[in-house]
Amino acid sequence: MDKKYVDLAREEMKKEVALQIKNIPSEVKRMINGALLSILGLEHRYSDKYEIDHCNGRNSILIDTIRNMAQKEAESLVKKTNYKPSDLALFQNAFKKEYESHLNYELKKLAENLAREEANNIMKKLSKDIIGEVA
């Protein structure tokens, strides 16, 4: 490869590295803010409002707290009324739907992991090819 192009690429890389280093503090702040919101179970919306992140399968402080409160309330209601399930088919259907939802979520996570692994392998090969051309 022509030395002129290698030097040009090197200069562009130096500029980009300098820019990324300059942006590190704001990027870290943005990432920490996003992580804290995620842990709490909140989403920052475009209208500068916050909403509860109710994506299936995610655990968060808010979701866990609301779930625990609902469970305690349901248990209390069952004790007060001596409630007994009368339609087992309804509960079986609800269980099946919940199972399928969790299964789909776990399959999606596995697919994402496999895709990420494959993408990393492709990038390693490309990097070796590019470095071999430049050298």
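The numbers here are math on the coordinates, done by the rules we state, and not lab data. Quick caveat: nothing in here was measured; it's all calculated off a predicted structure. Ideal geometry is used to build each Cβ from the backbone, glycine not excepted, and the neighbour counts take in all protein chains shown.
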request  = Kindly flag which residue pairs out of 4/128; 29/125; 49/72 have an alpha-carbon separation exceeding 26 Å in this structure.
outcome  = 29/125; 49/72
request  = List the aspartates and glutamates whose Cα lies under 20 Å from the Cα of residue 108, skipping any in the same chain that are fewer than 8 positions away.
outcome  = 53, 98, 100, 117, 118
task = With viscosity set to 1.002 mPa s and temperature to 20 °C, compute the Stokes-Einstein D of the chain, Rh being the Kirkwood radius across alpha carbon pairs; µm²/s, no decimals.
result = 103 µm²/s
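If I take R0 = 30 Å and measure r between the Cβ atoms of residue 107 and residue 52 in this structure, what FRET efficiency does the formula 1/(1 + (r/R0)^6) give, to the nearest 0.05? Display every interim value, and only then the final one.
On the way: r = 25 Å, r/R0 = 0.83.
With a Förster radius of 30 Å, E is 0.75.
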Nonlocal amide H pairs with residue 53, under 5 Å, H built at 1.01 Å = 42, 43
query = Can you give the relative contact order of the chain as a percent, counting alpha carbon pairs under 8 Å and 6+ residues apart?
reply = 19 percent
query = Just from its helices, what would the mean residue ellipticity at 222 nm be for the chain, if runs of 4 or more DSSP H residues each count -39500 (n - 2.57) and the sum is divided by every residue, rounded to the nearest 500 deg cm²/dmol?
reply = -29000 deg cm²/dmol
task = Grab the Cα-Cα distance for residue 36 and residue 19, subtract it from 0.36 nm times how many residues apart they are, and report the gain in nm with one decimal.
result = 3.5 nm
key: Distance in nm between pseudo-label sites at residue 89 and residue 117 (7 Å out along the Cβ direction from Cα)   = 4.3 nm
task = May I ask you to derive the FRET efficiency for residue 45 and residue 74 from their Cβ-Cβ distance with R0 = 22 Å, giving the value to the nearest 0.05?
result = 0.15
